[in-house]
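Let me begin by presenting the structure, written as structure tokens, before commenting on it.
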Amino acid sequence: MPLEIERKFLVESDAWRGAATRRELYRQGYLGGSERCSIRVRVGGEHAWLNLKGRVHGATRPEYEYAIPLLEANEILDTLCSAGHVEKVRHWVPYAGHEWEVDEFLGANAGLVVAELELDDENLEFARPPWLGREVTDDVRYYNSYLAQHPWSAWGGHRVGGSP
């Protein structure tokens with residue numbers, strides 16, 4: 001079973017921007033889901049994927065991802081994703097031997113910035129960049145599937161760095 005081990009953090013400042021090596025716009029929509037998994041379609045640049053991601057507590061969860069034709073992915077996003085959409089710009093930021101993915105959300109989630117780090121082991125030690133804030137790995141409100149249906153802008157009480 002393919003597994004994703006990912007730690008997720010709020011971002012406290014823009015200090016990461018100068019270190020970003022590349023960026024890409026992502027558009028993703030949700031076809032459905034349950035307490036056990038989410039099913040999404042994602043378009044990034046000229047590529048598209050169908051993704052099934054398990055919902056479990058902790059940083060490790062099953063994830064299946066399959067490349068699909070770009071034209072079909074856009075059609076699915078435009079016509080079938082009734083469970084909501086998320087748009088974000090993903091920035092890749094190297095720091096202390098790891099590559100962080102910093103997601104800057106757009107649309108109804110604009111202002112929210114989250115950093116993710118994929119690891120080979122859930123307990124692996126890593127250096128925390130100075131721009132990193134509170135860990136939200138176990139907070140389902142920061143899952144993209146949740147943000148698609150409950151936009152960050154509707155939470156109220158926002159401050160710099162994406163914290164409610």
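Criterion first (under 21 Å from Glu35 (Cβ atoms), in contact with a helix residue (DSSP H, G or I) (Cβ under 9 Å, 6 or more places away or on another chain), of a type in the set (Val, Ile, Thr) and surrounded by 17 or more Cβ atoms within 10 Å (Cβ to Cβ)) does Val93 satisfy it? Criteria not met by Val93. If the condition is being closer than 18 Å to Pro2 by Cβ, out of contact with any Ser or Thr (no Cβ under 8 Å at 6 or more places or on another chain) and not polar (S, T, N, Q), then the stretch 48-86 contributes Trp49, Leu50, Gly54, Val56, Arg61, Pro62, Glu63, Tyr64, Glu65, Tyr66, Ala67, Ile68. Hey, Asn123 hits all of (1) within 13 Å of Ala59 (Cβ to Cβ); (2) exposed (fewer than 12 other Cβ atoms within 10 Å of the Cβ); (3) under 14 Å from the mean Cα position of the chain (by Cα) but one; which does it fall short on? So Asn123 meets the others, but not (3).
Table: residues versus (1) farther than 14 Å from Leu10 by Cα; (2) among the hydrophobic types (A, V, I, L, M, F, W, C).
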position: Val89; (1), (2): yes, yes
position: Asp103; (1), (2): no, no
position: Gly133; (1), (2): no, no
position: Val136; (1), (2): no, yes
position: Tyr142; (1), (2): no, no
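The listed residues are Glu12, Glu6, Glu46, Glu35, and the only one of them that is closer than 26 Å to Phe126 by Cβ and surrounded by fewer than 19 Cβ atoms within 10 Å (Cβ to Cβ) turns out to be Glu6.
Could you check the stretch 1-78 for strands (runs of 3 or more DSSP E) lying wholly inside it with 3 or more residues that are closer than 21 Å to Asp139 by Cβ, touching a residue at least 40 places away in the same chain (Cβ under 8 Å) and not hydrophobic (A, V, I, L, M, F, W, C)?
On the way: elements: 3-11, 22-33, 37-44, 47-54, 60-67.
Those strands (runs of 3 or more DSSP E) span 3-11, 22-33, 60-67.
Laboratory data are not the source of any read-out in this text; all were calculated from the coordinates shown. Only a predicted model underlies this, so the values are computations on that prediction, with no experimental measurement involved. Cβ coordinates were reconstructed from backbone atoms using ideal geometry, including for glycine residues, and neighbour counts include every protein chain displayed.
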